[in-house]
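Undergrad: Pasting a structure here, questions to come.
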Amino acid sequence: MNRYLIVLAGLLCLSLHTFAQHDIFAQAEAAYVSGDFSGSAALFETLLNQGFNQAELHYNLANARFKSGDLLAAVEHYRRAWYLAPRDPDIRANLRFALEEAGAAAPPASRMESWFHLLTLREWMQVAILAYSLLMLLLFMALFLRRIRRFLLQGGWILLLSILAASLGIWFTLQLKERPEWIVTAQKTSACFAPMADSITHFELPQAALVRQTRPPHSQWVEVEYDHRRGWVALTDIKPVYP
Amino acid sequence: MAGCFQVRRLRVTGSLLLAFSSFAGEVHIRIEPQLISLLDRAVMTVEFIDTKANRIEFPPIDGLLIQYQGQRSETRIVNFKSSSKVIHRYLITPKRSGDFTIGPVTAAFKGGRKKLQAALRVIKPVGDQEVQQIEKRLYARVESENQEPYVQEPFPIKLHIFVLDGVQTDGRISISGGLPESGLDGDLKWKIDAQTQREINGLLFNVTTLSATVKTLTAGTFTFQPQVQVNLIVPRQNRRFYGFSDKFFGDLFGRQESRPIMLDCNRLAVAVQPVPLQGRPVDFTGGVGVLDFKVEVGPQSVQVGEPITIRMQISGEGNLDKIIPPAWATNTAYKLYDVHAVEAEQPGTIEFEQVLIPVTAALTNLPSISFSYFNTLSHDFLTLKHGPFPVTIKQTAQPSALIVSSTPGAHRAGTHLVGRDIVHLKPMPTTWKNQPPGGRIFSPQTIALIGTPPTLLALTALLLARRNARTNHTVRRRRQRAHRQASAQLQRARKYLKKKEPALFYEALWKAITAYFSQRLNLAPGEISAACVKRHFPHRAEPIEALFQAVEYRRFGTAEKGRPAEMKKLLHEIVDLLKQCERSDR
């Protein structure tokens with residue numbers, strides 16, 4: 001009897017915990033609708049600080065920050081939401097809008113990058129595992145069913161190509177960890193030709209611009225790429241976005 | 001002696017110093033001459049001494065044209081000391097008089113960096129006939145028909161460029177500067193209106209007229225004095241020799257050159273008036289100019305719930321792009337939707353569309369609508385009013401649900417968006433994921449999971465392959481069958497032994513032997529003999545021979561068949577022999 005009570009108590013705590021998140025989310029939504037954007041942002045941030053790293057939370061927080069006038073935080077969280085849900089058209093539209101408002105260029109992406117960014121790392125892995133499992137099943141069936149072996153093997157080629165594509169997607173996404181993305185936090189930042197304080201400025205970066213690191217940092221500097229140009233930026237002027 | 005030694009020491013020290021100094025590079029900048037007239041040119045050199053460096057890119061300077069000529073190298077040996085120079089040459093052509101500072105620019109070279117700066121003064125020679133003549137032959141004039149426009153009221157300004165007939169230019173005109181730095185709405189876009197000829201003081205001039213429309217954002221005095229540059233084609237000047245590489249002056253045959261000339265232009269001051277606050281109507285739309293307002297309402301006979309489209313057109317000369325659409329009065333008898341700007345078919349016109357849906361058949365008139373703007377001709381606010389508009393609203397026969405679309409008007413191609421904003425919040429997530437974005441991709445469990453299926457697959461394939469190989473191979477098949485068939489016969493032999501039937505017993509033994517060896521050796525049963533079997537099992541030749549003889553003797557012999565103990569012993573020996581042959585690799 002005691003055991004059942006303990007289990008029941010545990011389930012109740014779990015559901016209470018879930019209700020707590022629902023409450024906070026609902027409060028944040030209500031604050032946003034009533035025009036209290038700062039309060040709404042603080043509540044969404046509470047959920048994020050509790051460890052819930054979801055696209056909806058980042059997106060809503062970004063909306064609240066945008067409405068408060070904090071374009072930097074808005075772009076940062078829109079971008080994080082995009083990494084979690086790259087196909088969401090609302091996230092893409094709002095990110096583009098926020099970048100335009102900030103006067104920053106949208107991160108350029110080649111066709112291959114756009115294709116590989118359609119799925120997150122987790123989704124690529126799921127595709128790979130699914131294709132792999134089906135391929136194994138197909139091969140097992142081909143061992144025993146001689147009559148339809150040819151068709152099974154043809155299907156196996158398609159699955160093999162899927163595994164290859166998913167592997168490329170995984171590799172591509174992992175490459176992003178080698179070239180992390182940063183956001184410019186300083187009001188005005190200069191990208192210089194060399195990682196030195198008195199180096200000649202190559203180009204200027206507006207606040208909230210998204211830049212991609214091109215090589216490992218050098219002391220307090222990092223080389224970044226922005227709008228097809230490269231330059232060195234001080235680490236104190238930027239903040240990591242992903243990963 | 002001591003004196004000679006000292007001199008020698010001095011020489012060595014001096015040479016060492018000179019040698020070391022040669023490793024330290026140096027750079028100098030020089031302009032010659034530093035004072036020139038407007039028709040003249042100067043040469044700037046940047047010398048890198050005992051070092052190397054690429055040419056320096058000088059930033060553009062207003063009023064000067066700096067052209068890179070090339071580089072040359074020099075090496076000198078003086079008192080056994082060699083020094084080298086790399087000299088970069090630039091040609092400076094003035095476009096106007098004044099004091100100019102070139103630089104500072106940073107020259108980076110092997111050995112260091114240095115900031116370079118030089119000064120040049122360009123004067124307009126007083127009494128220089130050529131300069132005076134140029135001013136009389138080429139000049140510009142700017143004017144405006146409207147010297148006191150209002151804020152937001154577009155007004156035209158015209159720029160006339162006069163070139164004396166016979167004076168050659170290359171046809172290119174550039175206009176830079178001389179315009180108000182702030183307060184204008186957008187950039188000035190010049191367009192060529194006309195190219196005519198005009199007689200002025202008995203001289204014929206070719207006149208190019210350019211015009212631009214200006215709109216100001218604030219009131220105040222705006223000054224226009226555009227800096228117009230044309231390229232004059234003149235005979236080659238023999239004032240100085242600038243080198244063979246100079247594309248303008250390097251012509252040995254003394255032909256023509258193109259020289260940029262900045263034209264004299266008058267100053268135009270335009271006093272922009274503010275739109276008055278006094279008497280401004282409440283529904284002032286921000287329009288300034290001379291405007292017309294038209295309204296169309298249709299269809300005028302509809303049923304309850306059906307849309308009526310209102311089209312408003314504002315045309316004329318004014319700040320059309322800044323006008324806010326007039327607002328309709330709200331009423332409980334109808335539902336009003338957002339107004340949309342629509343692409344107008346005619347230039348100088350803007351159109352708005354708004355949809356209205358009557359909710360009651362009691363509505364007989366749509367209220368009047370007014371458009372207020374500031375008329376720049378009468379210098380007063382003007383309100384243009386239309387309506388009321390009679391409409392006939394019929395009640396539907398069976399009251400049905402009023403379907404109200406959020407966008408009742410079709411989104412016509414070319415609809416101009418009035419505003420933009422971010423997309424609203426996302427709803428609450430259905431599941432809450434409490435996990436960091438990173439994490440290991442391939443855990444040991446994952447690797448084990450990935451590796452297991454192909455391992456199993458390979459094993460299965462291997463086993464199947466072996467099984468198939470065995471079953472498909474005739475020799476192997478028969479080999480496998482040998483023991484089974486022999487066992488069956490040996491079982492019979494045991495049975496006959498028990499039943500004490502020696503003839504059948506020996507027959508069964510013989511069948512066991514022939515069945516086994518025929519399958520084992522892939523031969524026909526009739527081919528089996530002691531000699532044949534001994535050939536294949538030479539290590540067991542003696543027992544094979546003995547057993548074959550014993551069985552044959554007992555089979556065909558008419559003498560006693562043997563006692564049961566002997567029969568049993570024979571059976572055991574045959575069983576042992578067959579087992580040994582079975583275990584044998586052969």
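Undergrad: Determine, from the Cβ-Cβ distance of B:Asp421 and A:Glu113 and an R0 of 35 Å, the FRET efficiency 1/(1 + (r/R0)^6), rounded to the nearest 0.05.
TA: Result of the calculation: an efficiency of 0.75.
Undergrad: Gain in length, B:Glu582 to B:Arg466, computed as 0.36 nm per residue apart minus the alpha-carbon separation, to one decimal in nm?
TA: Roughly 39.8 nm would be gained on extension.
Undergrad: Take B:Arg478, project a point 7 Å from its Cα along the Cβ direction, then tell me which residues of the range B:500-526 have their backbone nitrogen under 13 Å from it.
TA: B:515-526
Undergrad: Also, quick follow-up: Dipole of the range B:492-586, Cα-centred, from +1 at each Lys and Arg C-beta and -1 at each Asp and Glu C-beta, to the nearest 20 debye?
TA: Once rounded to the nearest 20, the dipole reads 440 debye.
Undergrad: Then there is this: Near B:Gly25, within a Cβ-to-Cβ distance under 13 Å, what is the net charge of the other residues, with Lys and Arg +1 and Asp and Glu -1?
TA: +2
Undergrad: Using label points projected 7 Å from each Cα along Cα→Cβ, tell me how many nm separate A:Arg87 and A:Leu48, to one decimal.
TA: According to this spin-label approximation, the distance is 2.5 nm.
Undergrad: Rounded, prolate or oblate: which one fits the protein assembly as shown, using the alpha carbon gyration tensor with axes a ≥ b ≥ c (rounded when a/c is under 1.5, else prolate when a/b beats b/c, else oblate)?
TA: oblate
Undergrad: With a point put 7 Å past each Cα toward its Cβ, work out how far B:Thr101 is from B:Thr209 in nm, to one decimal.
TA: The two pseudo-label positions are separated by 4.4 nm.
Undergrad: Hey, what did chain A get for relative contact order, percent, Cα under 8 Å, at least 6 apart?
TA: In percent, rounded to a whole number, it is 15.
Undergrad: I need the calculated FRET efficiency for the pair B:Gln303 and B:Ser370, taking r as the beta carbon distance and R₀ as 30 Å, to the nearest 0.05.
TA: The formula returns an efficiency of 0.55 here.
Undergrad: Once R0 is set to 45 Å, what does the formula 1/(1 + (r/R0)^6) return for the Cβ-Cβ distance between A:His22 and B:Leu184, expressed as a FRET efficiency to the nearest 0.05?
TA: The computed FRET efficiency comes out at 0.25.
Undergrad: Filter the cross-link list B:Lys215/B:Lys335; A:Lys188/B:Lys114; B:Lys52/B:Lys95; A:Lys239/B:Lys114; A:Lys239/B:Lys215 down to pairs whose alpha-carbon distance in this structure exceeds 31 Å.
TA: Listed pairs above 31 Å: B:Lys215/B:Lys335; B:Lys52/B:Lys95; A:Lys239/B:Lys114; A:Lys239/B:Lys215.
Undergrad: Run the numbers for B:Leu449 and B:Arg311: contour at 0.36 nm per residue of separation, minus the present Cα-Cα distance, in nm.
TA: Value of the extension gain: 42.8 nm.
Undergrad: Shape of the range A:180-241 from its Cα gyration tensor (a ≥ b ≥ c, root eigenvalues): rounded if a/c is under 1.5, otherwise prolate when a/b > b/c, or oblate?
TA: Rounded, since a/c falls under 1.5.
Undergrad: Can you give me the relative contact order of the range A:29-135 as a percent, contacts being Cα pairs under 8 Å and 6 or more apart?
TA: 18 percent
Undergrad: Here's another thing I want to ask about it. Considering only B:Ala546, B:His483, B:His572, whose Cα is most displaced toward the positive end of the charge dipole of the range B:472-586, charges sitting on Cβ of Lys, Arg (+1) and Asp, Glu (-1)?
TA: Final value for the positive-end residue is B:His483.
Undergrad: So, with +1 on the Cβ of K and R and -1 on the Cβ of D and E, and no other charges, what is the size of the charge dipole of the protein assembly as shown about its Cα centre, to the nearest 20 debye?
TA: Around 8060 debye, computed over the protein assembly as shown.
Undergrad: Over the range B:54-208, what is the relative contact order in percent, taking alpha-carbon pairs closer than 8 angstrom and at least six residues apart?
TA: The normalised contact order for the range B:54-208 reaches 13 percent.
Undergrad: Can you give me the Cα centroid spacing of the range A:164-243 and the range B:272-296 in angstrom?
TA: 51 Å
Undergrad: Please give the residues of the range B:452-470, grouped as numeric ranges, whose backbone N is less than 16 Å from a label point set 7 Å along the Cα-to-Cβ vector of A:Lys177.
TA: Answer for this model: none.
Undergrad: Hey, which of these cross-link pairs are over 22 Å Cα-Cα: B:Lys189/B:Lys322; B:Lys534/B:Lys579; B:Lys124/B:Lys158; B:Lys511/B:Lys569; A:Lys67/A:Lys177?
TA: B:Lys124/B:Lys158; A:Lys67/A:Lys177
Undergrad: Around B:Gly220, what is the net charge, scoring Lys/Arg as +1 and Asp/Glu as -1 over all other residues with Cβ under 15 Å from its Cβ?
TA: Result for the neighbourhood of B:Gly220: -3.
Undergrad: How far apart, in nanometres, would the label points at B:Ala329 and A:Ile200 be if each is projected 7 angstrom from Cα along the Cα-to-Cβ direction?
TA: Label at B:Ala329, label at A:Ile200, 7.0 nm between them.
Since every read-out is calculated from the coordinates, none of them should be taken as a lab result. A quick note: this is a predicted structure, and the numbers were derived from the prediction, not measured. As a convention, Cβ positions derive from the backbone with ideal geometry for all residues, glycine included, and neighbour counts pool all protein chains shown.
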